[in-house]
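A.B. asks: Here it is, the structure, as structure tokens.
The values are calculated or read from the model by the stated rules, or taken from the named source; none is laboratory data. Worth saying up front: this structure is predicted, and the values here are computed from it rather than measured. Glycine gets a Cβ as well: all are built from the backbone with ideal geometry, and neighbour counts include every protein chain shown.
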Amino acid sequence: MSTTKWIIDPTHSEIGFKVKHMMFTNISGKFTKFDASIESDTIDFENAKIEFTGAIDSISTGNADRDKHLISPDFFDSAQFPEIKFTATSFTKINDGKYDLIGDLSMHGVTQSIKMPTEFSGLMTDPWGNTK
């Protein structure tokens, strides 16, 4: 298989997150402006190049006051650090459809390596003949 580059379809996609607040409750949110791509030489995406960029000022947690505070200099400081970025360093198959995604997450001028369990449900063809 030749290298294939997949680009996220923002109209039919969502990039979300969940974080602990005060160590006893979870806050969920999403980015409303983002880009992501996957480049792979294999059909199972093992060792694929994966990148994601999200606009900090597009964070939405369902609470306008909290969102305003999150993009302020108190937290993410979207004026100085407008994006959060993830670049994969490895994408390793564990078993059928399950992978470990490891990469560098950069935000607010700091980059740290993170590991995320990931699932791949396979390829499909949409009603217009496009492979997704």
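A.B. asks: Which one of these does PHE86 not meet: (1) over 12 Å from the mean Cα position of the chain (by Cα); (2) modelled with pLDDT of 90 or more; (3) of a type in the set (Phe, Trp, Tyr)?
C.D. replies: (1)
A.B. asks: Under the condition of being of a type in the set (Gly, Ala, Ser) and in a strand (DSSP E or B), which residue from the range 34-56 is farthest from THR3 (Cα to Cα)? Break it down stepwise before answering.
C.D. replies: The initial filter retains those residues of the range 34-56 that are of a type in the set (Gly, Ala, Ser), namely 36-37, 40, 48, 54-55.
Imposing the further condition that a residue be in a strand (DSSP E or B) reduces the set to 36-37, 40, 54-55.
Working: ALA36: 17, SER37: 13, SER40: 5, GLY54: 25, ALA55: 28 Å.
Applying the filter and picking the extreme gives ALA55.
A.B. asks: Would you point out the residue of the range 20-66, among those that are on the phi < 0 side of the Ramachandran plot and without any contact (Cβ under 8 Å) to a residue 24 or more places away in the chain, that is surrounded by the fewest Cβ atoms within 10 Å (Cβ to Cβ)? Spell out the reasoning first.
C.D. replies: Narrowing the range 20-66 to residues on the phi < 0 side of the Ramachandran plot: 20-21, 24-44, 46, 48-61, 63-66.
Right, trim to without any contact (Cβ under 8 Å) to a residue 24 or more places away in the chain and you get 20-21, 24-26, 63-65.
Details: LYS20: 9, HIS21: 10, PHE24: 6, THR25: 8, ASN26: 8, ASN63: 12, ALA64: 9, ASP65: 8.
Step by step, filter the range 20-66, then rank; the result is PHE24.
A.B. asks: Restricting to the range 96-112, and then to whatever is assigned to a strand (DSSP E or B) and acidic (Asp, Glu), can you tell me which residue is modelled with the lowest pLDDT?
C.D. replies: Taking the range 96-112 as the starting set, the residues that turn out to be assigned to a strand (DSSP E or B) are 98-107, 110-112.
Now restrict to residues that are acidic (Asp, Glu): 100, 104.
Numbers: ASP100: 93, ASP104: 98.
Filtering first and then ranking leaves ASP100.
A.B. asks: For the structure I just gave you, tell me whether PHE45 is within 30 Å of ASP96 (Cα to Cα) and at pLDDT below 90. Talk me through it step by step, then tell me what you get.
C.D. replies: Working: within 30 Å of ASP96 (Cα to Cα): yes; at pLDDT below 90: yes.
It is true that PHE45 is within 30 Å of ASP96 (Cα to Cα) and at pLDDT below 90.
A.B. asks: Out of the residues in the range 89-118 that are touching a Leu at 6+ places or on another chain (Cβ under 6 Å) and within 16 Å of GLU46 (Cβ to Cβ), which is surrounded by the most Cβ atoms within 10 Å (Cβ to Cβ)?
C.D. replies: Checked the range 89-118; the qualifying residue surrounded by the most Cβ atoms within 10 Å (Cβ to Cβ) is PHE91.
A.B. asks: Which of the residues belonging to the range 84-132 are touching a Ser or Thr at 6+ places or on another chain (Cβ under 8 Å) and among the charged types (D, E, K, R)?
C.D. replies: Residues satisfying the conditions are LYS85, LYS98, ASP100, ASP104, LYS132.
A.B. asks: Let me ask something additional. Of these, SER78, SER121, SER90, which one is assigned to a strand (DSSP E or B) and either among the hydroxyl-bearing types (Ser, Thr, Tyr) or touching a Lys or Arg at 6+ places or on another chain (Cβ under 6 Å) (or both)? It would help to see each step written out before you state the result.
C.D. replies: Numbers: SER78 fails: assigned to a strand (DSSP E or B); SER121 fails: assigned to a strand (DSSP E or B).
After ruling out the rest, the residue left standing is SER90.
A.B. asks: Quick one: in the range 13-33, which of the residues that are farther than 16 Å from GLY54 by Cα and either hydroxyl-bearing (Ser, Thr, Tyr) or not in a loop (DSSP other than H, G, I, E, B) (or both) is farthest from the chain's Cα centre (by Cα)? Break it down stepwise before answering.
C.D. replies: First, the residues of the range 13-33 that are farther than 16 Å from GLY54 by Cα: 19-27.
Among the residues that remain, those that are also either hydroxyl-bearing (Ser, Thr, Tyr) or not in a loop (DSSP other than H, G, I, E, B) (or both) are: 19-21, 25-27.
Values: VAL19: 14, LYS20: 18, HIS21: 20, THR25: 22, ASN26: 18, ILE27: 17 Å.
Once the filter is applied, the top-ranked residue is THR25.
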